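Working notes for the structure below.
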Amino acid sequence: MTYVRNAWYVAGWEQELAPETPAAITILGERIVIWRTASGSVHALEDRCVHRLAPLSLGRCEGERLRCMYHGLLFDPDGKVVEIPGQETIPPRARVKGYPVEARHSWVWVWMGDPEAADISLIPPAVGYDDPAYILGHGQLDYEAEARLINDNLLDFSHLSYVHAISFGAGPQFAQSQPKITPLARGIRSERWITGTLGASNRKSDVPVDSWQTYDFLLPGVLLMWSGNYPAGTAERLGYAPPPQEDAQQGLNFTSQAVTPMTDRTSRYFFSWGPHRDHGDEAMRDGMMELAAVAFGEDKVMIEAQQKVIDMTPDPVVMPSAHDRGVTLFNRLVEKLARAEAGGQQQAA
Amino acid sequence: MTYVRNAWYVAGWEQELAPETPAAITILGERIVIWRTASGSVHALEDRCVHRLAPLSLGRCEGERLRCMYHGLLFDPDGKVVEIPGQETIPPRARVKGYPVEARHSWVWVWMGDPEAADISLIPPAVGYDDPAYILGHGQLDYEAEARLINDNLLDFSHLSYVHAISFGAGPQFAQSQPKITPLARGIRSERWITGTLGASNRKSDVPVDSWQTYDFLLPGVLLMWSGNYPAGTAERLGYAPPPQEDAQQGLNFTSQAVTPMTDRTSRYFFSWGPHRDHGDEAMRDGMMELAAVAFGEDKVMIEAQQKVIDMTPDPVVMPSAHDRGVTLFNRLVEKLARAEAGGQQQAA
Amino acid sequence: MTYVRNAWYVAGWEQELAPETPAAITILGERIVIWRTASGSVHALEDRCVHRLAPLSLGRCEGERLRCMYHGLLFDPDGKVVEIPGQETIPPRARVKGYPVEARHSWVWVWMGDPEAADISLIPPAVGYDDPAYILGHGQLDYEAEARLINDNLLDFSHLSYVHAISFGAGPQFAQSQPKITPLARGIRSERWITGTLGASNRKSDVPVDSWQTYDFLLPGVLLMWSGNYPAGTAERLGYAPPPQEDAQQGLNFTSQAVTPMTDRTSRYFFSWGPHRDHGDEAMRDGMMELAAVAFGEDKVMIEAQQKVIDMTPDPVVMPSAHDRGVTLFNRLVEKLARAEAGGQQQAA
């Protein structure tokens, strides 16, 4: 598993984190307990009591603190033990690791790297339920596959023409043409005009339109995409440059998706999707969520099967194709940053 | 897993291979996709796209070709890639391994060794649905056990007196007496008279008969057996030599069975069984299949339990008994040929 | 897994061992077949035929003997093969390991160490159904956790205040005060007065009482506990010394519990519990069993979760607390004796 640690990983949905109800999530092989206090703060600690390694996620919230419910050790939100029942002195090593954590754009984000380096400005600008412009639905899927394979899937939309041939009904254009791929500081941007199309499944146009689709795929594995239809001829008129979002005539929508590596063979995939308020309503949103359930299930079938094949292959080697430019750029960025982090750790040690 | 590679392994039932419906099977740890085209040809390829290792068994048949439904690579039936969507040039390494494959005697056979050495005459002469002489039923069982243990079981019928004491009701003779074992070029032959018997479970005779049973057990793990009842005294009259099949008075039947090693701990067991047309009818066949379901289930319980014990034993060692002559001869043949194959590979390398 | 081998392990409930019905149990990673003959004797052998390693627990009882039902080898209760079907001679190595076994106090005990050292006086004095003083119920739970974690749990009752805060309702005293821990030759003794209490869940007193609780925790992992209520002031009057059992005013009860390590990650937990005949009836016993089902389920949830955390931790280290004195003493005893056994084996070799 090569992943960047100095990044914000999605740990869950903000609205599903009930007050004083600790939740366990595994990220990059580390068990983490996340909880929201009655006062509204969100905290994240190593999910492992320093005493006998019981999970703190089975614990009890007491004010800002969390009590291990095996033998009663009480933890401050920074990981320091403040009470050991039956014992006067608390040794200095009685503490667990704390993680920087932020609730934003409907997601709870955990910083997996050096806490000193945690930078809130690096949280990807997802669209959450707090954004009045969109009518969103959301869901999540657990994968028996490593996160990289899901990232790879999202970095190359040519699979739409095959995996989702019927569900999204997006036609052969995704495989026949190349999007414009631009490197970003923390990811890549993909942009694409599809001209003279009737659009995808449940957002069909009656007349041919020019369909624009663009997404940023950002560290550690977050896809932020909007697409919309424009009058036929727009692409050519603009010289295939990006169109102003506000000129979209129809079908403007946004999806935020995040891939969280849990272990080296399990991942959690979070997604929200929905139309812009001026281009759709709750009914359209519900239709899009039904479509997402089918289509993202198709991805899951393919990727989990791919993982099984990889695991049965002694020395698995891929043969990148022309469509893999985004995949390759992003994975190189991950490797470069991960190497730098490992080097920094060695230097520090 | 020591198995002979230069042999035909049963991959499935010919009649269950629907046209243009790729099927996945694992043989000797290798994933293979098998499909029948609209024209009736059967093809077998490595089940792993050369691009990103997605399984071709999730693919789509297009004429004689198979398209990977992840990113659309199109494969010739020999494994060569003939189309990469979005890309003009196809590199020479864009190919996957092809397997010689034959549909015969109701089974689809895959040659796991050197394709150049694939020899159709080595397909064991099983009795399939195309044989007008027998009224067959068929079935299959998946084992959580390595194939060798199932082979061992089929190579020593003394287990009938214990494992199948009630189901086959074959009596103690199978354990008390030895069959005649003869080495064959690609297996062993077992022959046995049981005299003065009323026969097994559902093919009982009213009067004592002499029952003849003979099977060849052939590489890689195929049992071909016929048995039948003769008038009491026949065995002695023939000096315990093999009787002419056509003189069988009653109960003549044939069973073909094949054991396919999938992984080192999973196997698939295929079987057909039924009476000769002159000795029974569909009703008798159905009764025999009901019996097979019970009896082969008994083998599965015993062998899977045996596998578990073996896996919990640090250095498992067997203590062969007098009944193990067939087991020992066959396993030695496998080891000799497997060694020769490995030597040939080394020489070639 | 560090466990003492020269000890009696609980293999099952005596009353559940039906005559001539072999049962399989795994102890310390070794598969053992246990059976009771028609004459009432109980035998225990290695559960692995010397021929092809089939489990003898699928075998058939024949008098005092057990027949392997794969190929029919017949075993004396000491493990010697006395019949090999189809073969005249029986080689001297045709034998499996026998285990000393005793049925006592409702449990079947198996000695896992040197058979010569098997000492019946080392069977812990559990209270079984043959004891007329108590009205018992019983149960068992399988854990996906190593036995040591369950032992640790039973060696430190401070967890009652947290794990069982609601079920046993025992209050904070178990965590706030220390029991008196005394080393024994083969375990530890825990003794504790809780004064001025209304008692635990379903055996509440109307007026405050002094509650006494004492248990021995003995090798290999057996808890034998009685508790009872005394008039308020008794503890102080006795200088907090142990009270005479017969002076208990109310709530006198006994529980026997045994933890059997099956593999390094699975254990079986056996328990009986019930009131003294003078302090309760069948209805009270049933209420106590309902309570046990809830409370012991709470332990299982916590301990299995703890095991998962440990297994995800690269170098798991515990930080003992003041309550861990019993845990530490017992585990040191286990390590000392296990080392001595290993040394004795080396010397013997």
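The values are calculated or read from the model by the stated rules, or taken from the named source; none is laboratory data. Worth saying up front: this structure is predicted, and the values here are computed from it rather than measured. Cβ sites come from the backbone with ideal geometry, for glycine too, and all protein chains shown count toward neighbours. When the accessible area is computed, the model is the full protein with side chains, heavy atoms only, and any ligands, DNA or RNA have been set aside. Shrake-Rupley method; radii C 1.70, N 1.55, O 1.52, S 1.80 Å.
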* Shortest first, in nm, what separates the label point of C:A38 from those of the same position in the other copies (7 Å along Cα→Cβ)? -> 7.1, 7.1
* Structure fact -> Taking Lys and Arg as +1 and Asp and Glu as -1, residues besides C:L218 with C-beta under 13 Å from its C-beta add up to +1
* When only DSSP loop residues count, what chymotrypsin sites (Phe, Trp or Tyr not before Pro) in region B:171-264 have their Cβ near at most 16 other Cβ atoms within 10 Å? -> B:Y240
* Structure fact -> According to the Cβ-distance criterion of 4.7 Å, cysteines of the protein assembly as shown with no possible disulfide partner are A:C61, B:C61, C:C61
* Structure fact -> The ratio Rg/Rh over the Cα atoms of region A:190-349, Rh being the Kirkwood inverse mean 1/r radius, stands at 1.04
* Structure fact -> The value for region A:287-349 (convex hull of the alpha-carbon atoms, volume per residue, Å³) is 165
* To do: For region A:18-28, take each phi angle, set θ = phi - 60°, evaluate the Karplus expression 6.51 cos²θ - 1.76 cosθ + 1.60, and give the result in whole Hz per residue in order, putting x for glycine and proline.
  => 5, x, 6, 10, x, 10, 9, 9, 9, 10, 6
* Amide H to amide H, which residues 5 or more places from B:A11 or on other chains are under 5 Å from it, using H placed in the peptide plane? -> B:V108, B:W109, B:V110
* Asked: Using a label point 7 angstrom from Cα along Cα-to-C-beta, what distances in nm, from shortest up, separate A:I90 from the other copies?
  -> 6.8, 6.9
* Asked: So how much accessible surface do B and C hide from each other in total, probe 1.4 Å, in square angstrom to the nearest 100?
  -> 2400
* Structure fact -> Carbon plus sulfur, as percent of the 1.4 Å-probe accessible area of region B:1-137, comes to 49
* Asked: For chain B, what is the relative contact order in percent, using Cα pairs closer than 8 Å and at least 6 residues apart in sequence?
  -> 18
* For region B:229-349, with only Lys/Arg (+1) and Asp/Glu (-1) charged at the beta-carbon, what is the dipole magnitude about the Cα centre, in debye rounded to 20? -> 440
* To do: Let me have the 222 nm mean residue ellipticity of chain B computed from DSSP H runs of 4+ only, each contributing -39500 (n - 2.57), with the sum over all residues rounded to the nearest 500.
  => -6500 deg cm²/dmol
* Asked: Measuring with a 1.4 Å probe in the full set of protein chains, what accessible area per residue, in whole Å², belongs to the protein assembly as shown?
  -> 41
* **Pairs of Cα atoms farther than 26 Å apart, region B:128-280, %** => 26
* To one decimal place, what orientation-averaged projected area in nm² is obtained for the convex hull of the Cα set of region A:245-295? -> 4.5
* To do: Would you mind giving the mean number of other chain beta-carbons within 10 Å of the Cβ of each residue in B:299-305, as a whole number?
  => 3
* **Leading residue at positive end of dipole, region B:132-234 (Cβ point charges), from B:T195, B:L155, B:V222** => B:T195
* To do: Determine the dipole magnitude for region C:189-257: charges of +1 sit on the beta-carbon of Lys and Arg, -1 on that of Asp and Glu, nothing else is charged, the reference point is the Cα centre, and the result goes in debye to the nearest 20.
  => 160
* **Compactness relative to 2.2 N^0.38 Å, alpha carbon Rg of the protein assembly as shown** => 1.15
* Structure fact -> The answer for B:N6, listing residues at least 5 apart or on another chain whose modeled amide H is closer than 5 Å to its amide H, is none
* **Dimensionless Rg ratio for region B:71-180, taking C-alpha atoms and the 2.2 N^0.38 Å reference** => 1.71
* Structure fact -> Per-residue average of other protein chain Cβ atoms inside 10 Å, peptide B:174-182 -> 2
* Structure fact -> Quarter of the surface of the C-alpha convex hull for region C:104-144, i.e. direction-averaged projected area in nm², equals 4.2
* Placed amide H near C:D78: partners under 5 Å, 5+ positions off or other chain -> none
* Exactly which trypsin sites (Lys or Arg not before Pro) in region C:180-258 are in a DSSP loop and have at most 16 other Cβ atoms within 10 Å? -> C:K204
* region B:238-253 residues near the modelled B:L184 label - backbone nitrogen below 18 Å, point 7 Å along Cα→Cβ -> B:242-246, B:253
* Structure fact -> Given Cβ charges of +1 for Lys and Arg and -1 for Asp and Glu, the option among A:I303, A:Q140, C:P314 whose Cα lies farthest towards the positive end of the dipole of the protein assembly as shown is C:P314
* Cα gyration tensor of region A:171-248 - equivalent ellipsoid semi-axes, whole Å, descending -> 23, 14, 12
* Under the Karplus curve 6.51 cos²θ - 1.76 cosθ + 1.60, θ = phi - 60°, whole-Hz ³J(HN,Hα) for region A:113-118, x wherever Gly or Pro sits -> x, 4, x, 4, 8, 4
* Directionally averaged projected area (convex hull, Cα atoms, region B:1-147), nm² -> 10.2
* Structure fact -> Rg/Rh over Cα atoms for chain C, Kirkwood Rh, comes to 1.02
* Asked: To one decimal in nm, how far is B:E116 from the same spot in the other copies, if labels go 7 Å from Cα toward Cβ? Please give the shortest first.
  -> 6.4, 6.4
* Could you calculate the contour length gain from A:Q249 to A:E20, that is, 0.36 nm times the residue separation minus the distance between their Cα atoms, to one decimal place in nm? => 77.9 nm
* **Within 10 Å of each Cβ in C:158-165, the average number of Cβ atoms from other chains** => 5
* Structure fact -> Net charge (Lys, Arg +1; Asp, Glu -1) of residues whose beta-carbon lies under 12 Å from that of C:I123, C:I123 excluded, is 0
